[in-house]
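Undergrad: Below is one structure. I have some questions about it.
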Amino acid sequence: MALRYWRWWPWSAWSRTRPPPSESTQSFRQQFSTQEQTPQICVVGSGPAGFYTAQHLLKHHSRAHVDIYEKQLVPFGLVRFGVAPDHPEVKNVINTFTRTAQSDRCAFHGNVVVGRDVTVQELRDAYHAVVLSYGAEDNQALEIPGEELPGVFSARAFVGWYNGLPENRALAPDLSCDTAVVVGQGNVALDVARILLTPPEHLEELREMIQLPGTRPILDPADFLGLQDRIKEVPRPRKRLMELLLRAATEEPEVAEVARRASASRAWGLRFFRSPQQVLPSPDGRRVAGIRLAVTRLEGVGEATRAVPTGDVEDLPCGLVLSSIGYKSRPIDPSVPFDPKLGVIPNVEGRVVDVPGLYCSGWVKRGPTGVITTTMTDSFVTGQILLQDLKAGLLPSGPRPGYAAVKALLGSRGVWPVSFSDWEKLDAEEVSQGQGAGKPREKLLDPQEMLRLLGR
Ligand code: FAD
């Protein structure tokens, strides 16, 4: 694993204050007055952000009804299609999401691509409020020559493939090569490297990698020179990781560990101060044969520190390149503002800027960083802000048709949503197929087969 000098940056909370209501907000407020009724709210996306937003709304408003629209036939977003298969404990949040979905004031409508099957404006017409929680389904590109060669994949697609995401099921990466290069050093990069190194029958991040059976770490002590002094300034979780790395790279292992490493058939390493420059083709130009890395060094101090090229390059032969330099959200619909530079919907605490009644939560709100608990906290904030606006009379007060209107639109367009009880049938089928193979489940990969199982 040769890696670019790149870090998994923590979510830095943007402290933004609420601006004075714009003209459109004021006229919206004048148009509708507050009345006691069932607020019809819909959420787009059934990942952690969608479910945690729904959970907050249902818990803190005794009449609110929440519809969750999801493009896949199955719920749970990256909990199903991102979290690594050897981290089953993380997937326990599904139990909480299931309880939310089973509320009689909540409905799941899968197989509906918002922005294609129904527009955001149509949802806004049907509901008192719409929350966009559709995650980050794209990835940053390396933008270097050779990126298009067979054998180069985004970590996003590779993760989708090993997690059974229907759109990536045909990826077929050739895993017969000796060396894979993962560009990036974030959590996703470590997931990908660990999965590549782990025999299928063993299918635990960095700490786990160092002890991974049958593998030895290759860490260059020179990369860690001077680190000891700088570790003290680093926040605690990162400090612990750095100490772990430092020990693995510089300390003499115990006898048993030396023997373990000597018998290892696979190896992994972290390469610092390298930036990808070009994917190198095989002689016939038909697939990846290596990657050229520019050697870098640090310049500047504090926040202004930058990695700059020294002019030297290093070529690493490999048969597989996985770029893991970040996920990216896409715009959903021309009616929704989108910041292409930050890759987020411009918002203040989850209120979409200049669009009353439209909210956002999760990765599309704050960018593709942070774990499920971070997403939970931020989704609760969006839910709380929405309920504050409802109470303050900032949302439409007349009745809204909710799903009845959307169902009619979808029907007229030949779109047939699936319900949560449909998912429960698919879930039972996956568990049943898995039992035969001695696994917790065998994921269904083909949407047509899933629809057939549901009698559609
Ligand atoms: P998502 O989970 O992506 O959910 C978005 C949902 O919206 C998806 O279901 C998608 O299908 C749906 N959608 C998209 N477009 C549309 C549309 N047009 N119409 C309708 N629906 C749409 N966190 C941890 O705590 N532990 C881990 O071990 C961990 N592992 C991870 C591994 C990987 C590879 C990745 C990428 C992330 C991992 N995370 C982990 C982070 C965690 O997954 C995220 O914090 C969380 O999933 C973000 O939630 P979200 O709802 O914003 O996005």
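The values are calculated or read from the model by the stated rules, or taken from the named source; none is laboratory data. Here the structure is a predicted model, which means the values were calculated and not measured. Glycine gets a Cβ as well: all are built from the backbone with ideal geometry, and neighbour counts include every protein chain shown. These area figures cover heavy atoms from the full protein model, side chains too; ligands, DNA and RNA do not enter into them. Shrake-Rupley method; radii C 1.70, N 1.55, O 1.52, S 1.80 Å.
Undergrad: In region 340-456, which helices (runs of 4 or more DSSP H) lie fully inside it and hold 2 or more residues that are among the charged types (D, E, K, R)?
TA: 363-366, 372-391, 420-436, 447-453
Undergrad: Report, by residue number, each residue of region 313-337 that is within 15 Å of the ligand (Cβ to nearest atom) and more than 28 Å from Ile291 (Cα to Cα).
TA: The answer is Arg330, Pro331, Ile332, Asp333, Pro334, Ser335, Val336.
Undergrad: Here's a check for you: in region 327-337, which residue that is out of contact with any Phe, Trp or Tyr (no Cβ under 9 Å at 6 or more places or on another chain) and open to solvent by less than 50 Å² (accessible area, probe 1.4 Å) is farthest from Arg116 (Cα to Cα)?
TA: For region 327-337, the residue satisfying everything is Pro337.
Undergrad: Condition (residue is open to solvent by less than 30 Å² (accessible area, probe 1.4 Å), touching a strand residue (DSSP E or B) at 6+ places or on another chain (Cβ under 6 Å) and at negative phi) applied to region 425-444: is it met by at least one residue?
TA: no
Undergrad: Let me ask you something else. So which residues in region 355-398 are out of contact with any Gly (no Cβ under 8 Å at 6 or more places or on another chain) and of a type in the set (Phe, Trp, Tyr)?
TA: Within region 355-398, Phe380 is the sole residue that qualifies.
Undergrad: In addition: Given the residues Pro340, Pro368, which is the only one that is over 13 Å from Val131 (Cβ atoms) and either away from the ligand (no atom under 13 Å from the Cβ) or among the small types (Gly, Ala, Ser) (or both)?
TA: Pro340
Undergrad: Within region 111-121, can you find the residues that are within 13 Å of the ligand (Cβ to nearest atom) and open to solvent by 20 Å² or more (accessible area, probe 1.4 Å)? Steps first, answer last, please.
TA: Within region 111-121, the subset within 13 Å of the ligand (Cβ to nearest atom) is 111-120.
Answer for region 111-121, where residues must be within 13 Å of the ligand (Cβ to nearest atom) and open to solvent by 20 Å² or more (accessible area, probe 1.4 Å): Asn111, Val113, Gly115, Arg116, Thr119.
Undergrad: With the structure loaded, tell me whether Ile68 is open to solvent by 30 Å² or more (accessible area, probe 1.4 Å) and in contact with a helix residue (DSSP H, G or I) (Cβ under 8 Å, 6 or more places away or on another chain) or whether it fails that test.
TA: Answer is no for this residue.
Undergrad: Is region 70-85 home to any residue that is modelled with pLDDT under 95 and not hydrophobic (A, V, I, L, M, F, W, C)?
TA: At the first step, the residues of region 70-85 found to be modelled with pLDDT under 95 are 84-85.
Filter once more, keeping what is not hydrophobic (A, V, I, L, M, F, W, C): 85.
Scanning region 70-85 turns up at least one residue that is modelled with pLDDT under 95 and not hydrophobic (A, V, I, L, M, F, W, C).
Undergrad: Scanning region 111-126 for residues that are of a type in the set (Asp, Glu) and part of a helix (DSSP H, G or I), which turns out farthest from the chain's Cα centre (by Cα)?
TA: Within region 111-126, the match that is farthest from the chain's Cα centre (by Cα) is Asp125.
Undergrad: Can you find a residue that is closer than 30 Å to Leu451 by Cα and either within 12 Å of the ligand (Cβ to nearest atom) or among the hydrophobic types (A, V, I, L, M, F, W, C) (or both) anywhere in region 396-403?
TA: No, the conditions are met nowhere in region 396-403.
To keep it simple, each residue is scored yes or no on (1) within 16 Å of the ligand (Cβ to nearest atom); (2) touching a helix residue (DSSP H, G or I) at 6+ places or on another chain (Cβ under 9 Å).
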residue: Leu358; (1), (2): yes, yes
residue: Val364; (1), (2): yes, yes
residue: Met376; (1), (2): yes, yes
residue: Gln384; (1), (2): no, yes
residue: Ala392; (1), (2): no, yes
residue: Leu410; (1), (2): yes, no
residue: Trp416; (1), (2): yes, yes
residue: Trp423; (1), (2): yes, yes
residue: Leu426; (1), (2): yes, yes
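Undergrad: Scan region 299-318 for residues that are open to solvent by 40 Å² or more (accessible area, probe 1.4 Å) and under 30 Å from the mean Cα position of the chain (by Cα) and jot them down.
TA: Within region 299-318, Gly302, Glu303, Ala304, Arg306, Ala307, Pro317 meet the criteria.
Yes/no per residue for (1) buried (at least 21 other Cβ atoms within 10 Å of the Cβ); (2) more than 25 Å from Asp315 (Cα to Cα); (3) in contact with a Pro (Cβ under 9 Å, 6 or more places away or on another chain):
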residue	(1), (2), (3)
Ser154	yes, no, no
Gly160	yes, yes, yes
Leu171	no, yes, no
Asp174	no, no, yes
Val182	yes, no, no
Gln185	yes, no, no
Val188	yes, no, no
Val192	yes, no, no
Ile195	no, no, yes
